[in-house]
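One structure follows; several queries about it will come next.
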Amino acid sequence: MSRLLTPKLLLRGFEVFVVASLAGFGVTLLYGNDLPAFLAALRRLHWIWVFAGLGLASMDWIAGGLRLWVVARHVYPNPPLKGMILAGGMGAWAAYITPLNSGAGPMTMYTMRRYGVPLPVAVTSTFMSFVATILFFAIAGPLAVVFGAGRSLGQRGNVLGLSLFDLFLGSLTIIAAIGILMAVVLFFPRFVRDLIHRAAEAIGRRSRRVAARLQKLQAGIDQAHESVVAFNSLRGWLALFWATILSGPSHANKLLAGYVALRALGIHPNFVDILLVQTLVMFLLYFAPTPGASGVGELLSAAVMSSYVPRELTPIYILIWRLTLSYFTIGFGFLVFSGWVRRGLQGVAEPGLGDPAGQET
């Protein structure tokens, strides 16, 4: 098992997540500065929306797993659906308790290996799921803008003179740029590989350590290209198409957590506006250095949503938002992982993984 996924390091990540998240919540409580209003809001919650948040949280598992199943079955016969669903959810779980979501890929591949999927297939499926995510946002975002979605955001927010709509367009531009860069890397790997090789030679004269890392990057690009080649057929592109469609529901809890939290408080906002704002929040949280963007996420969400959430209701909004976004998945994920720990963990490349005894949840 990768060093990143040892129980000790995952537990440490969880501890950091809890402490930072509580600190962020505490700041929002001070910002709200109205404890009676907070307690009153708890009594008036529309609980049906809190349970809707639980349903959205399950999309980390169900839709994320279906997306893995769609891409895996293109290169591997009859991948286990149960294993794929657990891989989708456990990947999200690990992302929430590791910095910069760094545990998502290794945990996804580890879970697939537990259910008998060969490591090369797990690597390809995980990477193509990431490609599908980039494609989804790179396509859906501009289409939403073209059809006039979120224009009213231009009247909300003022961050250095920018409206929420300006911020959304900025994040969309960065996503599109990432998509273009990824396309260059994937479809012109020799060109990129030659550039990296020249850079490695030049830098290697000064730093062998940096040169070694560039060589590893080159190997990763070659591996990513091999994954794309495996999908270079009508059937493969169709699988990627469905994976792109499934990227929407697989990110449902991230995209709709804000709307659910507002409705739980009895606030009836414009659905599309909140969807776009949450897309912005989700994008910004990917760059937060803390596990699951804990602490940072609470403050960022409170700031961005201040145009929609009354100040005194900000703490309860943040609490419900976090439940939908990550708390539910973190709780269930720890139940699954603790069962694995009791039965013993192995390295992701070890042959024992995938044996019938290792296919329990």
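When a/c is below 1.5 the answer is rounded, else prolate if a/b is larger than b/c, else oblate, so apply that to the range 1-83 with a ≥ b ≥ c taken from the square roots of the Cα gyration tensor eigenvalues.
Cα axes put the range 1-83 in the oblate bin.
Another question about this same structure. Starting from the Cα-Cα distance between L54 and W237, subtract it from 0.36 nm times their residue separation and give me the gain in nm to one decimal.
62.6 nm
How much length would be gained if the chain were fully extended between R342 and L39, taking 0.36 nm per residue of separation minus their Cα-Cα distance, in nm to one decimal?
105.1 nm
Label points 7 Å out from Cα along the Cβ direction at F187 and L81: separation in nm?
Placing both labels 7 Å beyond Cα along the Cβ direction yields 3.4 nm.
Within the set of other residues whose C-beta is less than 15 Å from the C-beta of E312, count the net charge using Lys and Arg as +1 and Asp and Glu as -1.
+2
Now a separate question. Mind giving me the nanometre distance, one decimal, between the label points for L119 and A303, set 7 Å out from Cα along Cα→Cβ?
Placing both labels 7 Å along Cα→Cβ, they lie 4.2 nm apart.
Going by Cα centres, the range 22-97 and the range 272-347 are how many Å apart?
The range 22-97 and the range 272-347 have Cα centres separated by 8 Å.
Using Cβ contacts closer than 10 Å as the measure, can you line up D34, D273 from fewest to most?
Taking fewest neighbouring Cβ atoms as first place, the list is D34, D273.
Modelling each spin label as a point 7 Å along the Cα-to-Cβ direction, I'd like the L335/V145 distance in nm, to one decimal.
If labels sit at L335 and V145, their model points lie 4.2 nm apart.
Want the number for T173 to H268: 0.36 nm per residue separation, take away the alpha-carbon distance, what's left?
Answer, rounded to one decimal: 31.3 nm.
Each value in this text was obtained by applying a stated rule to the coordinates, not by laboratory testing. No experiment lies behind these values; they were computed from the predicted model shown. Every residue, glycine among them, receives a Cβ derived from its backbone with ideal geometry; neighbour counts consider all protein chains shown.
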